[in-house]
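The values are calculated or read from the model by the stated rules, or taken from the named source; none is laboratory data. Being a predicted model, the structure only gives us computed values, none of them experimental. Ideal geometry is used to build each Cβ from the backbone, glycine not excepted, and the neighbour counts take in all protein chains shown.
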Amino acid sequence: MAFDSEFSGSSLDTSQWSTGWFGSGITTGVSSSEEQCYDPSQVGVTNGALDLSAVTRTEVCGGVTRPYASGMVTTDGKFNFTYGYMEARIWLPAAGSIADWPAFWADGQSWPTTGEIDTVEGLGGQACAHFHNTAGGPGACAAGNYAGGWHTFATDWEPGSLTFYYDGAQVWKDTSGITSAPMYLILNLALSSAITAPDTTPAAMHVDYVRVWQH
């Protein structure tokens with residue numbers, strides 16, 4: 001095991017995680033389509049789980065006023081890895097199906113050249129896996145409803161392949177253009193009705209643990 005975050009304390013372990021997207025305090029979203037600012041006050045640790053919550057509250061980030069505030073944590077600058085098995089046990093927000101745009105993913109330092117591994121992201125109410133690189137973003141969405149309950153989402157990243165598992169069952173595999181660049185971990189709850197399910201607030205994404213194994 002190369003990384004183990006159990007969220008067992010009373011606050012975020014800042015030796016493992018930072019809040020926000022490339023900055024401190026309130027930061028912008030990753031994508032221009034995101035409708036929230038990332039605010040450290042929307043990140044908490046309670047009852048052995050990380051809580052990322054989205055609320056309707058006007059905030060300014062990147063010089064733009066946004067209607068929502070939500071939470072994000074990353075291991076950028078604290079932990080990165082090349083190849084391994086990454087897994088998280090997550091409770092995704094629900095409004096019948098998956099609400100908003102929650103995600104557990106890994107990213108390199110030069111997107112899209114070094115790639116992006118989306119272990120799970122809620123898109124249009126479905127749980128989906130993707131690998132983004134300069135050639136595009138192939139992937140697949142899993143059958144079934146993964147909202148409103150605990151589920152495990154994992155990716156086995158090996159030289160030349162990425163295999164995605166939901167609750168231990170393989171949902172997709174990619175063998176094209178697989179990155180070998182170091183990756184850091186990201187957990188976030190975004191809002192973007194343009195490409196996902198309708199915006200729903202208040203909403204929360206809970207994470208029981210995040211682990212990475214290497215051999």
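Taking segment 108-163, which residues are touching a residue at least 60 places away in the same chain (Cβ under 8 Å), outside any strand (DSSP E or B) and within 24 Å of MET205 (Cα to Cα)? Residues satisfying the conditions are GLY108, GLY124, GLY125. Each residue in segment 182-215 was checked for being aliphatic (A, V, I, L, M) and modelled with pLDDT under 95, and 3 pass. Take the conditions (1) touching a residue at least 12 places away in the same chain (Cβ under 8 Å); (2) over 24 Å from VAL55 (Cβ atoms); THR201 misses just one of them, which is (2). Only a single item in (1) out of contact with any Phe, Trp or Tyr (no Cβ under 8 Å at 6 or more places or on another chain); (2) surrounded by 20 or more Cβ atoms within 10 Å (Cβ to Cβ); (3) assigned to a loop (DSSP other than H, G, I, E, B) is not met by SER32, and it is number (2).
Take THR58 and decide whether it is over 21 Å from THR196 (Cα atoms) and either in contact with a helix residue (DSSP H, G or I) (Cβ under 8 Å, 6 or more places away or on another chain) or of a type in the set (S, T, N, Q) (or both). If you could, list the steps in order and put the result at the bottom.
On the way: over 21 Å from THR196 (Cα atoms): no; either in contact with a helix residue (DSSP H, G or I) (Cβ under 8 Å, 6 or more places away or on another chain) or of a type in the set (S, T, N, Q) (or both): yes.
No, not satisfied.
Taking segment 66-87 as the range and being under 21 Å from ASP174 (Cβ atoms) and surrounded by fewer than 22 Cβ atoms within 10 Å (Cβ to Cβ) as the test, the residues that pass are ASN80, PHE81, THR82, TYR83, GLY84, TYR85, GLU87.
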